[in-house]
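The values are calculated or read from the model by the stated rules, or taken from the named source; none is laboratory data. Please read all numbers here as calculations on a predicted model, not as lab measurements. Using ideal geometry, Cβ is built from the backbone for each residue, glycine included, and neighbour counts are taken over all protein chains shown. Remember, those area values only see protein heavy atoms, side chains included, never the ligands or the DNA or RNA. Shrake-Rupley method; radii C 1.70, N 1.55, O 1.52, S 1.80 Å.
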Amino acid sequence: QVQLVESGGGLVQPGGSLRLSCAASGFTFNTRRMSWYRQAPGKERELVATISSTGGSTNYADSVKGRFTISRDNAKNTVYLQMNSLKPEDTAVYYCYVPITGYWGQGTQVTVSS
């Protein structure tokens, strides 16, 4: 069955960095776009970034452009989210998602606080 396992979340100070990973299995990873979403307390889940199946095309929410980078390693069936210059408003649970299929990971908590 499909599994998406996120890791790399944690507590970081404002201005710091984290790298999230999402290890995928149970489907043909290198044929699928991949996305990261996030959901802050009391807010709707929002799209953060998407990457094409080959990694040649990426898209970002305006709120993270220039600070976050999505990438993938198709040999490892893993998608990453490098997050730099983190702000308190980036605090959320971050989810890995396979567009169209409806497959979600379990989420990883990111907390940005001093």
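Specify which of the listed residues (91, 78) is without any contact (Cβ under 8 Å) to a residue 60 or more places away in the chain and more than 21 Å from residue 1 (Cα to Cα).
Answer to the check: 91.
Could you list all residues from the range 23-48 that are part of a strand (DSSP E or B) and in contact with a Lys or Arg (Cβ under 9 Å, 6 or more places away or on another chain)?
Answer for the range 23-48, where residues must be part of a strand (DSSP E or B) and in contact with a Lys or Arg (Cβ under 9 Å, 6 or more places away or on another chain): 23, 24, 34, 37, 38, 39, 46, 47, 48.
Quick check: is even one residue across the range 6-14 open to solvent by less than 70 Å² (accessible area, probe 1.4 Å), of a type outside the set (Asp, Glu), in a loop (DSSP other than H, G, I, E, B) and touching a Phe, Trp or Tyr at 6+ places or on another chain (Cβ under 7 Å)?
Yes, the range 6-14 has at least one match.
Check off (1) touching a helix residue (DSSP H, G or I) at 6+ places or on another chain (Cβ under 8 Å); (2) part of a loop (DSSP other than H, G, I, E, B); (3) among the aliphatic types (A, V, I, L, M) for residue 110 and give me the number that stays unchecked.
Checking residue 110 against (1) touching a helix residue (DSSP H, G or I) at 6+ places or on another chain (Cβ under 8 Å); (2) part of a loop (DSSP other than H, G, I, E, B); (3) among the aliphatic types (A, V, I, L, M), the one that fails is (2).
Where residues in the range 72-91 are more than 24 Å from residue 13 (Cβ to Cβ) and open to solvent by less than 60 Å² (accessible area, probe 1.4 Å), which of them is farthest from the chain's Cα centre (by Cα)?
74
For residue 20, indicate whether it is under 15 Å from residue 6 (Cβ atoms), of a type outside the set (Phe, Trp, Tyr) and touching a residue at least 12 places away in the same chain (Cβ under 8 Å).
yes
If you scan the range 33-70, which residues turn out to be open to solvent by less than 50 Å² (accessible area, probe 1.4 Å), small (Gly, Ala, Ser) and more than 9 Å from the chain's Cα centre (by Cα)?
Residues satisfying the conditions are 40, 52, 53, 55, 61.
Filter the range 49-97 for residues that are assigned to a loop (DSSP other than H, G, I, E, B) and within 22 Å of residue 31 (Cβ to Cβ) and give the result.
Result: 52, 53, 54, 55, 56, 57, 74, 75, 76, 77.
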